[in-house]
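Peer 1: One structure is given below, represented as structure tokens, and several questions about it will come after.
What follows is calculated from the coordinates using simple rules that are stated; it is not laboratory data. All of these numbers come straight from a predicted model, not from anything done at the bench. In this analysis, Cβ positions are derived from the backbone assuming ideal geometry, glycine residues included, and neighbour counts consider all displayed protein chains.
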DNA sequence: TTGATAATAAGAATCATTACTAATAAGAAG
DNA sequence: CTTCTTATTAGTAATGATTCTTATTATCAA
């Protein structure tokens with residue numbers, strides 16, 4: 001845990017918004033002016049692979065980061081890219097969750113997506129080194 | 001509806017996979033060797049804005065496209081980026097759906113995310129032109 | 001102190017996507 | 001049949017986010 005990594009994590013924990021890599025870079029640069037953008041990306045990757053932060057991919061092709069460890073899902077604004085948290089329980093059905101969104105968040109709901117992430121049969125077979 | 005646009009849509013409808021823009025480009029190029037990658041992107045955008053196809057953003061920063069109009073969700077391979085369909089019912093709870101994934105798809109399940117897309121209160125107020 | 005290892009800054013390279021350009025095709029109006 | 005207008009195209013340049021490379025520096029065990 002280097003100084004850079006600690007500050008990156010600290011900045012991420014200080015905000016309830018979900019900043020992008022370059023937003024984090026800007027924040028961290030105020031405390032550590034010589035830090036490199038590459039260092040920010042690398043450490044976000046390290047922190048995320050250790051499960052200390054979460055990486056969210058946005059429809060814009062950008063990624064946003066989240067230091068929260070609690071299990072929650074997100075509401076994303078299609079207009080400005082803002083991301084808010086939305087606590088969910090796994091035993092709740094989709095309709096029930098969806099119905100709660102407008103009330104809880106104030107978002108005008110347009111739609112939702114459930115995405116499962118895993119390893120497909122093909123990749124599970126391989127030694128995981130080569131991509132298809 | 002130009003020849004190019006028709007062929008792009010046709011290729012998208014022919015596959016149950018969810019190809020990326022460049023995969024679509026490769027497929028279409030076999031039938032129309034002089035087509036430009038820009039034309040593929042532009043027409044995917046047009047088709048998607050008319051609601052004729054769906055655009056999915058991947059954690060890799062790539063987008064994938066889907067001609068299906070039925071309501072279904074996706075399973076994504078974290079290793080190779082493959083996307084498969086996964087029919088879901090809104091009255092089923094997340095655990096039940098998740099439990100079905102491994103069996104139905106053969107994927108080794110790792111996790112899931114529910115994402116709601118909408119317009120946040122701030123943007124709903126504005127005339128929707130200016131970004132924050 | 002010395003290698004071995006890991007992390008860094010700075011910047012170049014890459015990849016997906018978007019913007020720009022001039023050329024072309026398809027109508028509509030005269 | 002010409003001339004305008006408008007869309008669309010192929011080809012290419014530009015952009016933005018991310019990853020990679022290289023030289024350098026910090027860390028640490030022996």
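Peer 1: Using a 7 Å offset from the Cα along the Cα-to-Cβ direction at both residue A:95 and residue A:42, what is the distance between the two label points in nm, to one decimal?
Peer 2: It works out to 5.2 nm between the two label points.
Peer 1: Arrange A:66, A:91 by Cβ neighbour counts within 10 Å, fewest through most, would you?
Peer 2: In increasing order of surrounding Cβ atoms, one gets A:91, A:66.
Peer 1: Just to confirm the numbers: residue B:60, label point 7 angstrom along the Cα-Cβ line, distances to the other copies in nm, shortest first?
Peer 2: 2.3
Peer 1: Please rank A:103, B:85, fewest neighbouring Cβ atoms within 10 Å first, as an exposure proxy.
Peer 2: A:103, B:85
Peer 1: Ordered shortest first, which distances in nm separate the 7 Å Cα→C-beta label point of residue A:13 from those of the other copies?
Peer 2: Listed shortest first, these distances are 5.5 nm.
Peer 1: Nm distances between the label at residue B:100 and the same-position labels in the remaining copies, 7 Å along Cα→Cβ, shortest first?
Peer 2: Going from nearest to farthest copy, the values are 2.1 nm.
Peer 1: Hey, fewest Cβ within 10 Å first, where do A:18, A:74 land in order?
Peer 2: Ranking A:18, A:74 by Cβ neighbours within 10 Å, fewest first, gives A:74, A:18.
Peer 1: With each pseudo-label sitting 7 Å past Cα toward Cβ, what's the residue A:30-residue A:16 distance in nm, one decimal?
Peer 2: Each label point lies 7 Å from its Cα, and together they span 1.8 nm.
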